[in-house]
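J.: I'd like to ask you about the structure that follows.
Just so it is clear, none of the values below were taken in a lab; they were calculated from the coordinates. For clarity, every value in this text was computed on a predicted model and none was experimentally measured. Positions of Cβ are generated from backbone atoms using ideal geometry, with glycine treated the same way; all protein chains shown enter the neighbour counts.
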Amino acid sequence: MMTERGMERIQQRIYLSRKSTNAIEFEHEVLRIPLRAGEETSFELLISNYGDPTHVHFSLSEEIKDRVMILQDKVYVIDEEKIAAIVRLPKSYTAAVAELEAGEIIVSAGYGAAKRSFPVEIVEIKEKEKRRESTEERDSGEIVAVKGKEKTGLKLSAEERVLISRLTVSGCAAILFFILLFLIFRIFNYLSHHLFVSAFIASLLFMFIVIYNF
């Protein structure tokens, strides 16, 4: 099973002939690879050549031969090259990760004219990091759930929005109509000119409600 650490791309950059011909330098003095027993991850060897094209060869010390595999142990480097490697830790190493010996990746260039190595340590993922990963997964799940709720919210079709708009306008008009009826029969009953105007407006409102909802 490839861990999340593998997705973070653990890297070691190797510089060739940067200070002098066939000189070999490393970005990290020690390459530490966090891993749990029963899991695997990957890392990259990035080679930058500042001199003439040369052959580069990789080999492993005995301590890590059973846990590390370099997918291409020989490469001809002109300018830049990238080599992938895999680290596997069998379940038999459970509870013994901290006791694993550090090994070395040996790099030689120029048909063996120059040779250097850097240590590789497989370190146990701390409980704090495990809790952080668990928290990130939980938070990610909560975000997805919230987004799911937002997506499943009430959505109205165009016809439903038009219907609601019509009902709102009709309701307002009906309220005005009944207010005018109240004024006609309660207040303007004895005022003929007000009575006529109110009745006329009420009839217009009634016609508007009928025609608008037709």
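J.: How large is the charge dipole for the stretch 4-125, taken about the Cα centre, if only the Cβ atoms of Lys, Arg (+1) and Asp, Glu (-1) carry charge, to the nearest 20 debye?
T.: 160
J.: Could I ask something else about it? So for the pair Glu44, Val169, with labels modelled 7 Å out along Cα→Cβ, what separation do we get in nm?
T.: Rounded to a tenth, the inter-label distance reads 6.2 nm.
J.: Additional query: Going by average Cβ density within 10 Å per residue, which order do the peptides 70-77, 56-63 take, highest to lowest? Display every interim value, and only then the final one.
T.: Numbers: 70-77: 13.9, 56-63: 16.6.
The packing order, highest mean first, is 56-63, 70-77.
J.: State the antiparallel share, in %, of DSSP beta bridges confined to the stretch 4-125, rounding to the nearest 5.
T.: 70
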